[in-house]
Every structure is written in structure tokens, then in C-alpha cells.
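Reading through the C-alpha cells given below for one structure.
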Amino acid sequence: MKTMREEMNQQFNHIMVLIQQNPKLSNVKPEVLAIKLENQKR
């Protein structure tokens, strides 16, 4: 449970960094950004 929470928090923080770097991404659903992040890791 703790590991899952840490992963979610890390993913959220990464999404926030992406939005700060590119404000246009604030209009994109967080789920879509999370999927893009997962695909980048692979």
C-alpha cells in the first residue's frame, strides 16, 4: 500500500512538472498524461 502511494505521488509530481514546463498541458486530462509517462518509461 505504501509503495503504491509513493508511486502515485511520484507520478503526480512528474505530471505537475510537465504542466509547469508546458502550461498548454493543463488542458489535458491527468489520465492521459499518466499514460504518456508510462509509455516513456518503456
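Can you tell me the 0 to 90 degree angle between the C-alpha axis of helix 30-41 and the longest principal axis of the chain, rounded to 10? Between the helix axis and the principal axis of the chain, the angle is about 70 degrees. Taking other residues whose beta carbon is less than 12 angstrom from the beta carbon of LEU18, and scoring Lys, Arg as +1 and Asp, Glu as -1, yields +2.
Straight Cα distances below 14 angstrom link LYS41 to the aspartates and glutamates GLU7, with same-chain residues fewer than 8 positions distant left out. Rolling a 1.4 Å probe across all protein chains gives GLU6 an accessible area of roughly 100 Å². Taking the Cα centre of the chain as reference, the dipole from Cβ charges on Lys and Arg (+1) and Asp and Glu (-1) amounts to some 80 debye. Within straight-line reach of LYS24, meaning a Cα separation under 20 Å, sit the following lysines at least 8 residues removed in sequence or on another chain: LYS36.
Cα axis of helix 2-21 to longest principal axis of the chain: angle in degrees, 0 to 90, nearest 10? For 2-21 against the chain, the angle is about 10 degrees. When the Kirkwood hydrodynamic radius is evaluated over all pairs of different C-alpha atoms of the chain, what value in angstrom, to one decimal, is obtained? Every distinct Cα pair counted, the radius reaches 10.7 Å.
The values are calculated or read from the model by the stated rules, or taken from the named source; none is laboratory data. Note that the structure is a prediction, hence the values are computed from the model and not measured. Cβ sites come from the backbone with ideal geometry, for glycine too, and all protein chains shown count toward neighbours. Ligands, DNA and RNA are excluded from the accessible area calculation, which covers all protein heavy atoms including side chains. Shrake-Rupley method; radii C 1.70, N 1.55, O 1.52, S 1.80 Å.
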